[in-house]
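Single-structure report; data block below.
The values are calculated or read from the model by the stated rules, or taken from the named source; none is laboratory data. Everything numeric in this text was worked out from a predicted model, so none of it was measured. Neighbour counts run over all protein chains shown; Cβ positions are idealised from the backbone, glycine included.
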Amino acid sequence: MNWSFRNRITWINTIAVVIVMAIVFVIIYQVVAFSSSQHLDNDIITEKNVIIHTIENEDNIMEWQESEHQKMEANPIFIQVSDVNGKVKFSSENLKKEQFEVNLKIQKDYFFSKAINNQKVRLGQFYILNKKKNEYEYLTVAVSQQESFVVLNNLKYVLLLSFIFILFTLFLVIWLATSKAIEPVKKLILFASSIDENKLDQRVPLPENKDEIYQLSCTINEFIARIEKSILKQKQFTADVSHELRTPLTAIKGTLEVLLRKDRDALHYQQKIEHVLDQTNKITDLYNEMLVLAKLDATHSAVELQPIHLNEIVEAVLDKLEKNILDQNLEVKKLFGNDITVLGQETYLEIIISNIISNAIKYNIPYGKLEISWLVESRTLSIYNTGIGMTKEQIPNIFNRFYRVDTSRNSNIKGHGIGLSIVQKLCALLHIEISVQSTIGEGCTFFLQFT
C-alpha cells in the first residue's frame, strides 16, 4: 500500500500513543481492581479476628447466630468452619445449601474469588487452631464483591469509551499537526517541480527556523547551483568548440571556393592543398584532445602507480620538442639529477610534462630561457619560462577548457586551450599537486609536487 508521508506519520504516531495509552489504562484498571481486592481482604481479616475471638470466648459463641450471618444483606458476611479433612462443621445460614470448597493443601492465609448464590464474593481461607478443642480447623470467611464488581465494570466501560474517544481525537490532532508540519515540504516539491534549465538562477526561499527543512532547502539550493554551473560549463564548452572549429572550417571552405573559381597552376594548387591540410590537422588535433578529455571524464577507477624515472621522461620530452626550442632560440637549463624516481604512470606523466613544456616554449619570447629543476626536499618539479606571463586573475582560469589569455588568443600561437585541462585531470589521477606562479611580462612557473 502506497501511503503518503503524512498518513504514515499519522498512523505511526497514533499507533505508538495508542499502545502507551492502552498500557496505562490496563494499569489503571489493574490498580483499582487490586485496591478493591485488598480492601475486601482487609475486611475479611477483620472478620476473621472477630470470629477467632468468639471461638475462644465460650460465653459469646452465639455471635455466629447474629442476624448478619442469617440473612442475605446488601453486604452479607458468609462463614464456614471445616475440619482438617474438609468436612463442614458449621456454616452461616445465609449460605443456605452452598458450601465453600476447602483447599486442604494450603495451611496459610489464602484469598480467592468465586460466585455463590448468584453473587460474586471474595473469600479468605484460614488454617486456625481451636484452643478450646485443641484441634486445627479451616475457617472460610466471605464478603460480597458485588459493589466492587459494579465499580470495576463501570470503570471498564468508562476506560473503553475514553479510549475510543481519545483515539479518534488523537488521530485527528496528529493528522492536522502532520499536515501543518509537512507544508514546507510540499512547497519544496512544488518549487522543485517548477525548475527547468531556464530557471536555474532561482533558489528555494530559506525558512526562518534553522531546522531540518532549512538544511534541506540549503541542500537543494546547493544542488541547483551545481547543476547551473555544470550546464553553464556545457554551454560554454559547446560555444568554445564551435569557435575553435569555425576558424579552420571557414579557412578550408574559403580556400576550396577560391580554387573552384578558375584554373590555377600546379604550384598554387599545392600551396592551397597544404593550407587545407594544415587546417585539417588542427581539426584532427582538436578532436584527439577532446577524445582524451572525454576518456578522462569517464574514468572513475584509480590508476595503478608505479616507480617512474622522472628525469628520463623530461629528457625524452625535450628531445621531442628540440626543433621548437631551436626555432625560438631558447636557452634550456636542466637543474635535476640522473636518478629522480616518483610514483606515477609513464604515459600520463609524459603527456603532463609534454603539455607544460610545450606551453613554456610556445609562450616564451625569442632567445628566452626555459629552466627545469627538481626540488628535492618538497619533491617538486619546477618548469620556468621567460614568456608573456599572466595576471593573478587569469591564473585560476588556465585549466578551463578552451581558455586562452587575451595576449595569446590574438597571436599566431597554435593551440586550442585544452592541454592544461588534460594536465589537471591527469594530475588528479596520479595524485600530483599542480600549481602556477606568474607575473605579467616576467614569465611563468609550473610546479608539480609528487607524493
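Against the condition small (Gly, Ala, Ser), in a helix (DSSP H, G or I) and over 27 Å from the mean Cα position of the chain (by Cα), how does Ser179 come out, does it pass? So Ser179 does not fit the description; no. If you take the residues in the range 323-361 that are among the acidic types (Asp, Glu) and under 53 Å from the mean Cα position of the chain (by Cα), which one is surrounded by the most Cβ atoms within 10 Å (Cβ to Cβ)? Here the answer is Glu350. Picking from residues in the range 296-321 that are modelled with pLDDT under 70 and part of a helix (DSSP H, G or I), the one that is farthest from Ile361 (Cα to Cα) is Ala298.
Is it the case that the range 179-199 has a residue that's touching a residue at least 12 places away in the same chain (Cβ under 8 Å) and either of a type in the set (S, T, N, Q) or touching a strand residue (DSSP E or B) at 6+ places or on another chain (Cβ under 9 Å) (or both)? Checking the range 179-199: at least one residue is touching a residue at least 12 places away in the same chain (Cβ under 8 Å) and either of a type in the set (S, T, N, Q) or touching a strand residue (DSSP E or B) at 6+ places or on another chain (Cβ under 9 Å) (or both). Taking the range 99-122 as the range and being assigned to a loop (DSSP other than H, G, I, E, B) and modelled with pLDDT under 80 as the test, the residues that pass are Asn117, Asn118. Remark: pairs (first residue in the range 325-342, in contact (Cβ under 8 Å) with a residue 60 or more places away in the chain; second residue part of a loop (DSSP other than H, G, I, E, B) and surrounded by 10 or more Cβ atoms within 10 Å (Cβ to Cβ); Cβ separation under 7 Å; 6+ apart in sequence or on different chains) = Val342/Phe450. Checked against (1) of a type outside the set (Val, Ile, Thr); (2) modelled with pLDDT of 80 or more; (3) in the same structural domain as Lys282 (by TED's automatic domain parsing), Ser242 meets all criteria but (2). Residue-level check: of (1) at pLDDT 90 or above; (2) under 46 Å from the mean Cα position of the chain (by Cα); (3) β-branched (Val, Ile, Thr), Ile372 misses just (2).
Can you tell me how many residues in the range 342-368 are in contact with a Gly (Cβ under 8 Å, 6 or more places away or on another chain) and part of a strand (DSSP E or B)? Break it down into steps so the answer makes sense when it comes.
Going residue by residue through the range 342-368, those that are in contact with a Gly (Cβ under 8 Å, 6 or more places away or on another chain) are 355, 358-360, 362-365, 368.
Pick out the ones that are also part of a strand (DSSP E or B) and you get none.
Selection size over the range 342-368: 0.
Please verify whether Lys87 is at pLDDT 85 or above and more than 30 Å from Ile19 (Cα to Cα), treating the condition exactly as stated. So Lys87 passes the test.
Condition check: surrounded by 11 or more Cβ atoms within 10 Å (Cβ to Cβ) and without any contact (Cβ under 8 Å) to a residue 24 or more places away in the chain. Does Gln202 satisfy that? Judged against the criteria, Gln202 is a match. Please determine whether any residue of the range 64-78 is touching a strand residue (DSSP E or B) at 6+ places or on another chain (Cβ under 9 Å), of a type in the set (A, V, I, L, M, F, W, C), in the same structural domain as Arg122 (by TED's automatic domain parsing) and modelled with pLDDT of 80 or more. Among the residues of the range 64-78, at least one is touching a strand residue (DSSP E or B) at 6+ places or on another chain (Cβ under 9 Å), of a type in the set (A, V, I, L, M, F, W, C), in the same structural domain as Arg122 (by TED's automatic domain parsing) and modelled with pLDDT of 80 or more, which makes the answer yes. Screening the candidates Ala177, Ala225 for the property of being over 28 Å from Val17 (Cβ atoms), modelled with pLDDT of 80 or more and of a type in the set (Gly, Ala, Ser) yields one hit, Ala225.
Looking only at the range 433-451, which residues are among the small types (Gly, Ala, Ser) and at negative phi?
Taking the range 433-451 and keeping what is among the small types (Gly, Ala, Ser), we get 435, 438, 441, 443.
Within the range 433-451, Ser435, Ser438 qualify.
Listed here are the residues, each with its yes/no results for (1) part of a strand (DSSP E or B); (2) without any contact (Cβ under 8 Å) to a residue 60 or more places away in the chain; (3) charged (D, E, K, R).
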| position | (1), (2), (3) |
| --- | --- |
| Ile128 | yes, no, no |
| Tyr136 | yes, yes, no |
| Val151 | no, no, no |
| Asn154 | no, yes, no |
| Val158 | no, yes, no |
| Phe163 | no, no, no |
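Each residue in the range 369-399 was checked for being among the charged types (D, E, K, R) and not in a loop (DSSP other than H, G, I, E, B), and 2 pass.
Residue count for the range 177-230, restricted to those that are more than 30 Å from Trp11 (Cβ to Cβ) and hydroxyl-bearing (Ser, Thr, Tyr): 2.
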